[in-house]
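Heads up, the thing below is written out as structure tokens.
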Amino acid sequence: MAVHQHTNPKAGFHLPSLRRNRTASAPDSDLTAHSGTDTARAYAFASARVLMGFVFLWAFLDKTFGFGYATRSGKAWIDGASPTKGFLGSVAAGPMESTFHSWAGAGWADWLFMLGLLGIGLALTAGVALRPTALAGTVMMALMWMAEWPPARHLSDGSPSMSTNPFADYHLVYAVLMVVLAVVCAGDALGLGRLWARLPVVRDHQWLR
């Protein structure tokens, strides 16, 4: 039995195709183990993708409708409240503190933020457009990282920042994970990645993959 792996760099994780080959010497047990490892890896990345998508989708839904978790009932976007005013208005450290204050509650900021949450969440959950999603998600996470400014030991009023890590907070972890999911084509398993890749516009513009 010989293993003939797909060598197309545009493809994600695929089960190896098996062909009879009298000259091959690889034991069937090795082929089974290799196939099982590839399958487990593909589903592990797919699971991480779906969970990450739910993180963004839930943030969008809670801020839009006010389910009583991070956003209280009556304080949601549909109630006329701003999804950015509270967060950006409370920025108290970092070189962009005054800039974020000027953005807080602005209509364009609210729409960009909410559409970003929705678009990233849907793309990750469906497993499509992971490359542009990784780019957009990284930009969003970078801005949120700067808003919280983990390197600061003290806030602008002199109180302790209570930062748990001066660099690697969850925003950085999310950004790196989105890039990894795009690199390994994590939408091919438990998602619509394969169908998305067959669309003519995606075939012609691989950055949409």
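For the range 155-209, the set of residues classified as under 22 Å from VAL55 (Cβ atoms) and more than 17 Å from the chain's Cα centre (by Cα) consists of SER163, THR164, ASN165, PHE167, TRP196, listed by residue number. Quick check on the range 130-151. Is at least one of its residues surrounded by 14 or more Cβ atoms within 10 Å (Cβ to Cβ), touching a Ser or Thr at 6+ places or on another chain (Cβ under 8 Å) and among the small types (Gly, Ala, Ser)? Within the range 130-151 (the criterion being surrounded by 14 or more Cβ atoms within 10 Å (Cβ to Cβ), touching a Ser or Thr at 6+ places or on another chain (Cβ under 8 Å) and among the small types (Gly, Ala, Ser)), the answer is no, since none of the residues qualifies. Restricting the search to helices (runs of 4 or more DSSP H) fully inside the range 108-209 and requiring at least 1 residues that are under 18 Å from GLU97 (Cα atoms), among the aliphatic types (A, V, I, L, M) and touching a Leu at 6+ places or on another chain (Cβ under 8 Å) gives 130-148. If the condition is being loosely packed, with under 14 Cβ neighbours inside 10 Å and in a loop (DSSP other than H, G, I, E, B), then the range 53-93 contributes GLY68, TYR69, ALA70, ARG72, SER73, GLY74, GLY80, SER90.
Yes/no per residue for (1) polar (S, T, N, Q); (2) more than 21 Å from PHE56 (Cβ to Cβ); (3) in contact (Cβ under 8 Å) with a residue 40 or more places away in the chain:
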residue: MET162; (1), (2), (3): no, yes, no
residue: VAL173; (1), (2), (3): no, no, no
residue: LEU190; (1), (2), (3): no, no, yes
residue: ARG198; (1), (2), (3): no, yes, no
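No lab work stands behind these numbers, since they all come straight from the coordinates. Everything numeric here is computed off the predicted structure, so don't read it as measured data. We place every Cβ from the backbone using ideal geometry, glycine too, and count neighbours over all the protein chains shown.
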